[in-house]
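What follows is calculated from the coordinates using simple rules that are stated; it is not laboratory data. Computed from a predicted model, the values in this text were never measured in an experiment. Don't worry about glycine lacking a Cβ; one is built from the backbone with ideal geometry, like all the others, and counts go over all protein chains shown.
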Amino acid sequence: MSRPVQYNNHIKFEGIPEGYFGEGFMATNLEKVVSLARKNSIWPLPFATSCCGIEFMATAASHYDLARFGAERMSFSPRQCDLMMVMGTIAKKMAPIVKQVYLQMAEPRWVLSMGACACSGGIFDSYSVLQGIDQIIPVDVYVPGCPPRPEAVLDGFLKIQDLVNAEGLRRRYSDQYKDLLAGYGIQ
Ligand code: SF4
């Protein structure tokens, strides 16, 4: 005999965008639909150099299951991803590579900095380590910790989703955004 399906009360279902409903139709605006689609289909690019990368693997594995949030498809090709996740110590020699990968991503793109090393150099206050990736590329969300636990990574990912959902379609064309990129020498 089949058993009834048990639903967990904590499961949040994604709501439909605001709009007008009638029998057999729903009307909303394009911006809301695009934001909803983007938010729930983020393709991360894991740029992992050290121990934080191992913690990220736990986040993506079955127990924490990042795929629940639509981010199942990891991309190691910058042209097919929209969220760069930098995790681990970034040596100054590697900084141009991080920037090059970022530049190869198409807009709209977001960046999550995971762990103390990526955020600020961490314990490696030395001549050879970059003291935070925001010295070379703009960062949207910082996840602190050494290493952060998978729950913290998921929390950071949810914050990225909130940003993606709230971002207007034309934000990337704004003078403010262009000025931000120009500050990093990016045209
Ligand atoms: S923050 Fe800590 S765990 Fe993460 S890469 Fe640096 S030393 Fe390793």
**Study point:** GluC sites (Glu not before Pro), loop per DSSP, at most 14 other Cβ atoms within 10 Å - longest free stretch of the chain
**Key:** 73-187
**Study point:** Label-to-label distance, nm, for residues given as TYR184 and LYS32 (7 Å Cα→Cβ offset)
**Key:** 3.2 nm
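Over all distinct Cα pairs, what is the inverse of the mean 1/r for segment 6-89, reported as the Kirkwood hydrodynamic radius in Å?
With all distinct Cα pairs of segment 6-89 included, I get 15.3 Å.
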Check your understanding: Hey, fewest Cβ within 10 Å first, where do TRP43, TRP110 land in order?
Key -> TRP43, TRP110
Check your understanding: In segment 122-187, what trypsin sites (Lys or Arg not before Pro) fall in a loop by DSSP, with at most 11 other Cβ atoms inside 10 Å?
Key -> ARG170
Practice item. Starting from the Cα of LYS39, draw a straight line to each of the lysines and keep only those under 25 Å, dropping any in the same chain fewer than 8 residues away. Key: LYS12, LYS99, LYS159, LYS178
Check your understanding: Can you put ARG73, ARG38 in order, fewest other beta carbons within 10 Å first?
Key -> ARG73, ARG38
Check your understanding: Looking at segment 37-86, which chymotrypsin sites (Phe, Trp or Tyr not before Pro) are in a loop (DSSP not H, G, I, E or B) and have at most 13 other Cβ atoms within 10 Å?
Key -> PHE76
Review point. Tell me, what is the percent relative contact order of the chain, built from C-alpha pairs under 8 Å that lie six or more residues apart?
Key: 20 percent
Check your understanding: How many nm separate the modelled label positions at TYR177 and ASN165, each set 7 Å beyond the Cα in the direction of the Cβ?
Key -> 1.9 nm
**Study point:** Span from the segment 152-184 Cα centroid across to the segment 28-55 one, whole angstrom
**Key:** 11 Å
Review point. Label-point separation (nm) for ILE54 and ARG149, each offset 7 Å from Cα along Cα-to-Cβ?
Key: 1.8 nm
Check your understanding: What is the Cα coordinate range of segment 42-183 on the first, second and third principal axes, sorted by size from largest, in whole angstrom?
Key -> 38, 37, 24
Point to revise | Test item: Cα-centred dipole of segment 42-183, Lys/Arg +1 and Asp/Glu -1 on Cβ, debye | key: 400 debye
Check your understanding: Using the Cβ atoms and a cut-off under 15 Å, what net charge is assigned to the surroundings of LEU169, where Lys and Arg are +1 and Asp and Glu are -1?
Key -> +3
Check your understanding: About its Cα centre, how strong a charge dipole does segment 2-121 have in debye, to the nearest 20, once Lys and Arg get +1 and Asp and Glu get -1 at the Cβ?
Key -> 420 debye
Point to revise | HN-Hα J in Hz across segment 171-187 - Karplus 6.51, -1.76, 1.60, θ = phi - 60°, x for Gly and Pro | key: 4, 5, 8, 6, 4, 4, 5, 5, 5, 4, 5, 4, x, 9, x, 10, 8
Practice item. Would you mind ranking VAL139, VAL111, VAL33 so that the residue whose beta carbon has the fewest other beta carbons within 10 Å leads the list? Key: VAL33, VAL139, VAL111
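For the chain, what does -39500 (n - 2.57) per DSSP helix run (n ≥ 4), summed and divided by total residues, give at 222 nm, in deg cm²/dmol to the nearest 500?
Result for the chain, helices only: -10000 deg cm²/dmol.
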